[in-house]
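Participant: Just dropping this structure here.
The values are calculated or read from the model by the stated rules, or taken from the named source; none is laboratory data. What you see is a predicted model; the values in this text were computed from it and never measured. FYI the Cβ positions are ideal-geometry reconstructions off the backbone, even for glycines, and counts take in every protein chain you see. Just so you know, the surface numbers come from the protein's heavy atoms only, side chains and all, with ligands and any DNA or RNA stripped out. Shrake-Rupley method; radii C 1.70, N 1.55, O 1.52, S 1.80 Å.
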Amino acid sequence: MFSCLYGLLCICALGCAQPPSGQADDGKRYICRAVPLSGEASCPVTLLPDLNAGSQEEELRNTVMQLRETILQQKENISKQQGTINELTTKLSLCASATDDKKYNKGISWGKERQNTMGDVPRDPNDTIESLGKTMQGLKDRLENLEQQQMRANISGASFPSELRDLLQRRLGQLEKQLLKKVSNLEEEKSMLSNATAAYRLKTESTLNTLVERISELEKGGGDFKSPEQFKLSLPQRTNYLYGRITKSLPEMYAFTLCMLIKSSASPGIGTPFSYGVPGQANEIVLIEWGNNPIELLINDKVAQLPLEVRDGRWHHICIAWTTRDGQWEAYQDGAKRGSGDNLAAWHPIKPGGVIILGQEQDVVGGRFDAGQAFVGELSQVNIWDRVLKPSEVQAMANCSSYIPGNVIPWLASNVEVFGRGAFKQPLEMCQERLPNA
């Protein structure tokens with residue numbers, strides 16, 4: 001009975017939903033719902049169920065799920081494509097870096113002359129070009145893969161973002177142009193490197209031939225030495241490339257004695273039989289005779305003239321002793337004291353770690369020789385002590401009574417390197433044959 005009354009009230013509400021024409025709106029609103037007539041027998045009106053609600057809700061749910069799957073798939077595609085772009089950018093950077101390194105190495109390695117240097121033959125750029133070809137093929141494969149992914153995405157209903165697609169295509173186009181340009185540049189470098197390789201091989205062969213000749217000369221000059229000190233260094237021409245070099249250096253010294261056997265008939269001046277240069281001072285110790293000047297001893301660029309005469313083409317034994325105390329010095333020839341003096345680089349210690357050159361004067365440490373100051377003649381038994389020798393010791397060596405090797409620099413064949421074609425190590429005459437009255 002109550003349900004019947006409820007149905008009648010709803011019908012009345014439907015009829016009264018619109019106010020009559022001309023009647024003022026009282027502000028009330030009613031919710032109406034259609035009801036079927038098939039209901040309870042005692043009541044002609046019952047509530048109708050919502051027939052379309054379930055199907056609409058199911059359709060909305062399916063649509064939401066489809067959109068969600070599409071968004072997830074699109075997000076995954078965008079992530080893959082961004083990774084591909086980053087990888088392509090990295091590969092292009094590596095290609096650019098490799099090309100710049102090749103240009104730099106080419107400018108350094110082939111643009112400068114190296115002195116007596118035997119490096120590796122330059123790499124053939126075919127490997128680089130082949131690598132770039134593989135990279136290009138890989139990029140094309142990746143591009144085809146992306147296009148296939150796009151087609152699958154279109155088939156599945158997922159739309160590919162046009163902005164990302166255009167950006168990717170432009171980026172790939174730029175990469176392809178840049179890689180083609182790099183390949184072209186590498187082709188040009190290949191041609192240039194081929195020429196440089198040929199020149200380098202010629203230079204290498206020339207260096208090898210020079211080394212073989214020098215080894216042969218050293219073998220000829222050093223094979224007949226009766227003892228390690230019984231050899232002489234022959235420098236027959238006044239050039240800037242014939243000289244000997246002592247492999248050992250000097251320690252810091254506050255006194256020294258330098259002795260040697262010397263033979264020369266060069267004129268004017270015998271040149272520079274001995275020079276020792278250190279960083280910052282190429283004339284740390286120098287023995288030189290140039291022009292018509294007497295033999296001079298330089299210590300730290302300070303000069304003392306020595307009363308020695310050796311330009312007669314015969315062997316002479318000379319010794320020069322020096323001490324930092326008041327700069328005192330003494331000069332001996334053939335065992336006899338010829339002169340002395342003081343105030344030569346007083347209180348200056350001899351600096352260590354320099355280079356000893358026989359036969360050339362150093363303008364820089366170990367080099368920049370002047371042919372006008374080169375020594376012409378023969379040298380032997382160049383010994384250095386870190387003390388002032390006694391006159392009796394000097395005389396004993398000069399008259400063949402004894403031989404005292406230097407405690408700092410001894411005269412040994414293994415300590416002397418010879419440079420320049422024409423310079424030789426040869427066996428030294430017997431001591432008695434070298435005496436001035438022989």
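Participant: Which of the chymotrypsin sites (Phe, Trp or Tyr not before Pro) found in the range 347-438 are in a DSSP loop and have at most 16 neighbouring Cβ atoms, other than their own, within 10 Å?
Facilitator: Details: sites: TRP347, PHE369, PHE375, TRP385, TYR403, TRP411, PHE419, PHE424; in loops: TRP347, PHE369, PHE375, TYR403, TRP411.
Qualifying residues, ordered by number: TRP347, TYR403.
Participant: May I pose another question? If r is the Cβ-Cβ distance from SER414 to ALA255 and R0 is 22 Å, what FRET efficiency results, to the nearest 0.05?
Facilitator: Efficiency, rounded to the nearest 0.05: 0.25.
Participant: Classify the range 316-438: rounded, prolate or oblate, from the alpha-carbon gyration tensor (a ≥ b ≥ c, eigenvalue square roots; a/c under 1.5 rounded; otherwise prolate if a/b is larger than b/c)?
Facilitator: oblate
Participant: If you average the C-alpha positions of the range 66-97 and of the range 244-306 separately, how far apart do those two centres end up, in angstrom?
Facilitator: Distance between centres, Cα-based: 74 Å.
Participant: Tell me, what ³J(HN,Hα) does each residue in the range 239-249 have, in order and in whole Hz, if you take phi through Karplus 6.51 cos²θ - 1.76 cosθ + 1.60 with θ = phi - 60° and put x for Gly and Pro?
Facilitator: Once rounded to whole Hz, the list reads 10, 9, 10, 9, 6, x, 9, 7, 6, 9, 10.
Participant: What distance in nm separates the two pseudo spin-label positions at ASN293 and LEU180, each 7 Å out from Cα along the beta-carbon direction?
Facilitator: Label-label distance for ASN293 and LEU180, simple model: 7.1 nm.
Participant: What does the accessible area of GLU309 come to, in Å² to the nearest 10, when a probe of 1.4 Å is used?
Facilitator: Answer for GLU309: close to 120 Å² accessible.
Participant: How many nm is it between the label spots at LYS190 and LYS75, if each spot is 7 Å from the Cα in line with the beta carbon?
Facilitator: 4.8 nm
Participant: Something else about it: Could you state the principal axis extents of the C-alpha atoms in the range 231-427, from the largest down, to the nearest angstrom?
Facilitator: Taking the Cα atoms of the range 231-427, the three principal extents are 42, 40, 35 Å.
Participant: Measure off 7 Å from each Cα along the Cα-to-Cβ vector at ASN407 and LEU60, then give the distance between these two points in nanometres to one decimal.
Facilitator: Between ASN407 and LEU60, the simple spin-label model gives 11.0 nm.
Participant: If r is the Cβ-Cβ distance from ARG338 to THR197 and R0 is 41 Å, what FRET efficiency results, to the nearest 0.05?
Facilitator: 0.10
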